[in-house]
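*Asks:* Got a structure for you, written out below as structure tokens; questions coming shortly.
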Amino acid sequence: MRVVCPGSFDPVTMGHLDIFRRAADQFGEVTVLVTVNPKKQGLFTMDERVHLIEEAVSGIPGIAVDTWSGLLVDYTTQNGVTALVKGLRSGIDYEYELPMAQINRRLSGVDTFFLLTDPKYGYISSTLCKEVARHGGDVSGILPPNVATAIRAKFSAAPTGH
Ligand code: PNS
């Protein structure tokens with residue numbers, strides 16, 4: 001069974017890492033697939049996101065990283081992927097994820113499995129982490145250490161736009 005955890009991961013958070021680890025525990029191996037979401041403006045480049053994920057998962061067995069810029073179902077079909085795994089933090093996530101899971105299944109037959117986010121990561125999002133880091137707030141513990149370092153560097157190199 002080939003399994004993918006898809007997302008923008010701009011950047012990867014501790015919540016994402018927990019989902020990758022639990023997905024790998026359940027399915028043996030997972031590929032984290034960094035996809036382009038045209039509705040979201042990126043902070044990190046695709047290469048930077050991949051590099052940050054590779055560093056963050058280096059101690060966790062069974063996790064590979066790949067990228068894709070087209071329809072997710074084209075990747076799954078071309079690579080023999082039969083399942084997607086995503087985290088669900090709340091009913092808001094459910095409303096967002098439900099139509100995506102259904103259209104993906106209609107288009108290709110791929111199924112989506114949802115893991116309930118560990119409560120200690122329930123409020124974490126990449127967007128929130130960027131907002132905190134942009135204004136110099138403390139992101140340690142909510143971002144992997146390498147990502148926290150990278151985001152601090154990103155914002156110390158750029159104007160904050162007061
Ligand atoms: O982390 P995100 O941005 O919420 O991830 C959303 C993602 C990657 C699952 C979604 O943007 C996606 O599948 N993008 C690929 C394009 C696609 O297949 N769109 C139609 C199906 S929803």
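The values are calculated or read from the model by the stated rules, or taken from the named source; none is laboratory data. Quantities reported herein were computed from a predicted structural model and do not represent experimental measurements. Using ideal geometry, Cβ is built from the backbone for each residue, glycine included, and neighbour counts are taken over all protein chains shown.
*Asks:* What pairs come out if I take residues in region 93-113 that are outside any helix (DSSP H, G or I) and pair them with residues that are of a type in the set (D, E, K, R) and modelled with pLDDT of 95 or more whose C-beta lies under 9 Å away, six or more apart or interchain?
*Replies:* Pairs found: 111/105; 112/86; 112/97; 112/105; 113/86.
*Asks:* Would you point out the residue of region 114-131, among those that are without any contact (Cβ under 8 Å) to a residue 60 or more places away in the chain and within 14 Å of the ligand (Cβ to nearest atom), that is nearest to the chain's Cα centre (by Cα)?
*Replies:* Applying the filter and picking the extreme gives 127.
*Asks:* Now for a separate question. Pull out all pairs, ordered by first then second residue, where Cβ-Cβ is under 7 Å, the residues are six or more apart or on different chains, the first lies in region 23-36 and is more than 20 Å from residue 51 (Cβ to Cβ), and the second is modelled with pLDDT under 95.
*Replies:* 27/1
*Asks:* Among residues belonging to region 60-78 that are part of a helix (DSSP H, G or I) and exposed (fewer than 14 other Cβ atoms within 10 Å of the Cβ), point out the one that is nearest to the ligand (Cβ to nearest atom).
*Replies:* 74
*Asks:* For residue 86, state whether it is part of a strand (DSSP E or B), among the charged types (D, E, K, R) and either on the phi < 0 side of the Ramachandran plot or touching a residue at least 24 places away in the same chain (Cβ under 8 Å) (or both).
*Replies:* Yes, satisfied.
*Asks:* Find all pairs meeting these conditions: Cβ atoms under 8 angstrom apart; at least six residues apart or on different chains; first residue within region 48-68 and in contact (Cβ under 8 Å) with a residue 60 or more places away in the chain; second residue more than 16 Å from the ligand (Cβ to nearest atom).
*Replies:* Here the result reads 48/150; 52/144; 52/146; 52/150; 55/144; 55/146; 56/144; 56/146, each pair linking region 48-68 to a residue that is more than 16 Å from the ligand (Cβ to nearest atom).
*Asks:* For the structure I just gave you, tell me whether residue 84 is over 18 Å from residue 147 (Cα atoms), surrounded by 16 or more Cβ atoms within 10 Å (Cβ to Cβ) and not small (Gly, Ala, Ser).
*Replies:* yes
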